[in-house]
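Here's the structure we're looking at; comments come further down.
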Amino acid sequence: MSLTRDEQSAIVIRQMNEIISCAKFTCVCKKVVRIILAYRCLYCGVWMCQRCMEKHLGMSRVDYNKKHYAKDMVK
Ligand SMILES: [Zn+2]
Ligand SMILES: [Zn+2]
């Protein structure tokens, strides 16, 4: 998912207002997400649901776990 700088800051500003007023925000997929179930990108500051964040980072949590914890899973 690629956003221009202007789009990114518009999204972040809108989301911050939503979070302050109701602890929810509108994800880039148009879904309304509660803040406790959301993730904020370290790089662009945009809040997203898990699914969008996985796409945004190009890796699902399952992939990440396989990649980083494969050794730990051998028991
Ligand atoms: Zn989403
Ligand atoms: Zn990002």
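Read-outs throughout are calculated quantities, based only on the coordinates presented, and are distinct from any laboratory measurement. The model shown is predicted, which means the values in this text are computed figures rather than measured ones. Note: ideal-geometry Cβ built from the backbone for every residue, glycine included; neighbour counts use all protein chains shown.
The fewest-to-most ranking of TYR39, TYR69, TYR64 by surrounding Cβ atoms within 10 Å reads TYR69, TYR64, TYR39.
The relative contact order of the chain, computed from alpha carbon pairs under 8 Å that lie at least 6 residues apart in sequence, is 22 percent. Using the Cβ-Cβ distance between CYS44 and LYS66 with R0 set to 25 Å, the FRET efficiency from 1/(1 + (r/R0)^6) comes to roughly 0.45. Estimated from helices alone, the mean residue ellipticity of the chain at 222 nm is -14500 deg cm²/dmol (sum of -39500 (n - 2.57) over DSSP H runs with n ≥ 4, per residue). Modelled spin-label separation between ARG5 and LYS31, with each label point placed 7 Å from Cα along the Cα-to-Cβ direction: 3.1 nm. In summary, the convex hull built on the alpha carbon positions of the stretch 5-69 has an orientation-averaged projected area of 4.6 nm².
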